[in-house]
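For reference, the structure discussed in these notes is given below.
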Amino acid sequence: MEYRGFEFAVVRTIPRGWLWSVKRDHTDKGGNAYDRDDAIKRAKQYIDNLLLRRRRAQLDGQSLSTYQLVESDERRKSQPGDGEKNHDT
C-alpha cells in the first residue's frame, strides 16, 4: 500500500495479530497491532509523524537526513523522562 508517497505493508501473523512496516530509503520501521485496521492506522500515523518532523526541520533551517531522523527517534524511545540527561560529573 502507499500513503503520502511512502510504501507500507500490513501482514497477518499467527501469534501476534498484525504486523505493519513502512519502507524508508534503506530501512524499514514497523510494529505489531491487534487487528488490520489498527495496523493500517499505526503505519499512517508513523508516516504523518515522520513528515511532520521533516517539515519542522525545514522550517528551522535544518537539513536532517532520514538516517538522522531514525537515530533521533530511537534515542527518544530509549531515554526515560523528557529525553534530556544531566551531563554534570
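Each of R56 and D38 was given a label point 7 Å from its Cα along the Cα-to-Cβ line. The distance between the two points is 2.6 nm. Extension gain for Q45-I14 works out to 8.8 nm (0.36 nm per residue, less the C-alpha to C-alpha distance).
A simple count of charges around D60, restricted to other residues whose Cβ falls under 14 Å of its Cβ and scoring Lys, Arg +1 and Asp, Glu -1, yields +4. Computed over segment 2-70, the range of Cα coordinates on each principal axis works out to 45, 20, 17 Å, biggest value leading. Approximating the spin labels as points 7 Å out from Cα along Cα→Cβ, the D25-to-R4 distance works out to 1.8 nm.
Read the figures in this text as sums done on the coordinates, not as results from a lab. A quick note: this is a predicted structure, and the numbers were derived from the prediction, not measured. When we count neighbours, we look across all protein chains shown, and the Cβ atoms used for this are built from the backbone with ideal geometry, even at glycine.
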